Amino acid sequence: MKIYWIRAQAPRRVLALLKYLGIDADCIEVEAKQGGLRAPEYLALNPNGKAPTLVDGDVVLWESSAINAYLCIKQGSDMWPAHNPAEQVEVIRWLSWNDNHWARAVGPFYFEFVVKATFQIGPPDRTGLAAATPELKKLAAVLDGHLEGRDFVACGRLTIADFQLAAMACDWRQSEMPFAEFPNIVRWLDRLHRIPAWADPWPVNTKQKHVAAPSVA
Ligand SMILES: N[C@@H](CCC(=O)N[C@@H](CS)C(=O)NCC(=O)O)C(=O)O
């Protein structure tokens, strides 16, 4: 199995799950700055030109939530409740909420402070973040209320929904996201941070890099 990744939030979800479940995979870092995501060989795997991408035999998959569900099914992990339709609905609710609302609200903060620093593309620009703050606070209130008396977002245990929602929010202090007034979110994120695979998901062996032409498994 191969996972193509870059040091960013969507691949982070997949790399953390791989590590957490102890799945052996070849993790291939794509050299984004050198055009690796735009290389024809990579676009043949993932026409979006984004990471992560999974290649497992004939299976080629993109979208971190789908990849993580695939990994759980393969590993028999109930972090994706493959055998419980009611729990699937619960997890899907939060995956959808993330993609349609939460990720869009936290994204600008994460971009200005984390993406720019990681890829050395300039200093953070706070212009626009003040205008984005009310919507983020509105959504944070929804999540904070839901997390009252709960340790995880769905099914009363760690699921792929936690990794999905936390991928950018976990950098809230660095990104100046206004979460100090949402104690349940802070407690949830701090709890996740105590999971070693989540706190440090990045592969140590970065010998395998993809600049232009990956071999297809
Ligand atoms: N919804 C996708 C998001 C994929 C995505 O946007 N990946 C970003 C990193 S977080 C990327 O590859 N960006 C590089 C680029 O757009 O050039 C997922 O969850 O996998």
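The values are calculated or read from the model by the stated rules, or taken from the named source; none is laboratory data. Keep in mind it's a predicted model, so treat the numbers as computed, not measured. Positions of Cβ are generated from backbone atoms using ideal geometry, with glycine treated the same way; all protein chains shown enter the neighbour counts. The accessibility values were calculated without ligands, DNA or RNA, using every heavy atom of the protein model including side chains. Shrake-Rupley method; radii C 1.70, N 1.55, O 1.52, S 1.80 Å.
According to the Kirkwood expression over distinct Cα-Cα pairs, how big is the hydrodynamic radius of the range 10-67, in Å?
When all Cα pairs of the range 10-67 are included, the Kirkwood radius is 11.9 Å.
Given DSSP loops and a limit of at most 11 other Cβ atoms within 10 Å, what is the longest stretch of the chain that contains no such GluC sites (Glu not before Pro)?
1-147
P(r) of the range 85-198 in 5 Å steps, Cα pairs, percent per bin?
Reading upward from the zero bin: 2, 12, 22, 24, 20, 12, 6, 2, 1, 0.
Once you sort the root eigenvalues of the Cα gyration tensor of the chain as a ≥ b ≥ c, which label holds: rounded (a/c under 1.5), prolate (a/b larger than b/c) or oblate (the other case)?
It is oblate, given that a/c is not under 1.5 and a/b is not larger than b/c.
Please compute the net charge surrounding Arg150, taking Lys and Arg as +1 and Asp and Glu as -1 over other residues with Cβ under 12 Å from its Cβ.
-2
Where both residues lie in the chain, what percent of DSSP beta bridges are antiparallel, nearest 5? Each step should come with its number before you reach the end.
Numbers: 8 of 14 bridges.
About 55 percent, rounded to the nearest 5.
Just to confirm, what accessible area per residue do you get for the range 85-198 at 1.4 Å probe, in whole Å²?
Result: 47 Å² of accessible area for each residue.
For the range 107-161, state the semi-axes of the equivalent ellipsoid (square roots of 5 times the eigenvalues of the alpha-carbon gyration tensor), sorted largest first and rounded to whole angstrom. Kindly include the intermediate steps, with their values, before the conclusion.
Working: eigenvalues 168, 53, 7 Å².
For the range 107-161, the semi-axes come out at 29, 16, 6 Å.
Ordering Val55, Val89, Val204 by accessible area with a probe of 1.4 Å, largest first, what comes out? Could you put the intermediate results ahead of the total?
Working: Val55 0, Val89 100, Val204 140 Å².
If we order Val55, Val89, Val204 from most to least accessible, we get Val204, Val89, Val55.
Amide H neighbours of Thr53 under 5 Å, counting only residues 5+ apart in sequence or on other chains, H built in-plane at 1.01 Å?
Answer set, sorted by chain and number: Tyr4.
Taking all protein chains as present, what is the carbon and sulfur share of the accessible area of the range 110-213, in % to the nearest whole number, probe 1.4 Å?
Carbon and sulfur atoms account for 56 percent of the accessible area of the range 110-213.
Got a sec? What order do His193, His83, His146 fall in by accessible area at 1.4 Å, biggest, i.e. largest, first?
His83, His193, His146
Let me have the relative contact order for the range 85-198, percent, based on Cα pairs under 8 Å that are six or more residues apart. Before the final figure, lay out the partial values.
Working: 104 pairs, mean separation 38.5, N = 114.
Once divided by the residue count of the range 85-198, the mean separation gives 34 percent.
May I ask you to derive the relative contact order of the chain, considering only C-alpha pairs under 8 Å and at least 6 residues apart, and to give it as an integer percent?
Across the chain, relative contact order equals 31 percent.
Whole angstrom only: what separates the Cα centroid of the range 37-105 from the Cα centroid of the range 148-193?
20 Å
Ignoring ligands, DNA and RNA, how do Asp78, Asp151, Asp24 rank by accessible area with a 1.4 Å probe, largest first?
Per-residue accessible area, sorted high to low, gives Asp24, Asp78, Asp151.
Whose amide H sits under 5 Å from the amide H of Val60, counting only residues 5 or more places off or on another chain, with H placed in the peptide plane?
Counting only residues 5 or more places away or on other chains, the set is empty.
Could you give me the ³J(HN,Hα) list for the range 31-39, computed from phi with Karplus coefficients 6.51, -1.76, 1.60 and θ = phi - 60°, whole Hz, x at Gly and Pro?
7, 4, 5, 9, x, x, 6, 9, 5
Hey, can you grab everything whose amide H is under 5 Å from the amide H of Ala154? Only 5+ residues off in sequence or another chain; H modelled, so Pro and N-termini drop out.
Thr159
Mind grabbing the accessible area of Lys50 for me, 1.4 Å probe, Å², rounded to tens?
Probe radius 1.4 Å; accessible area of Lys50 about 130 Å².
To the nearest 0.05, what FRET efficiency results for Ala82 and Asn48 with a Förster distance of 30 Å applied to their C-beta separation?
Working: r = 26 Å, r/R0 = 0.85.
Efficiency computed from Cβ-Cβ geometry: 0.75.
Using a basic spin-label model with each label point 7 Å from the Cα along Cα→Cβ, how many nm lie between Arg93 and Glu135?
Going from the Arg93 label point to the Glu135 one covers 2.4 nm.
So what is the calculated 222 nm ellipticity per residue for the chain, using -39500 (n - 2.57) for each DSSP H run with n of 4 or more, over all residues, to the nearest 500 deg cm²/dmol?
Taking each H run of at least 4 residues, the total per residue is -13500 deg cm²/dmol.
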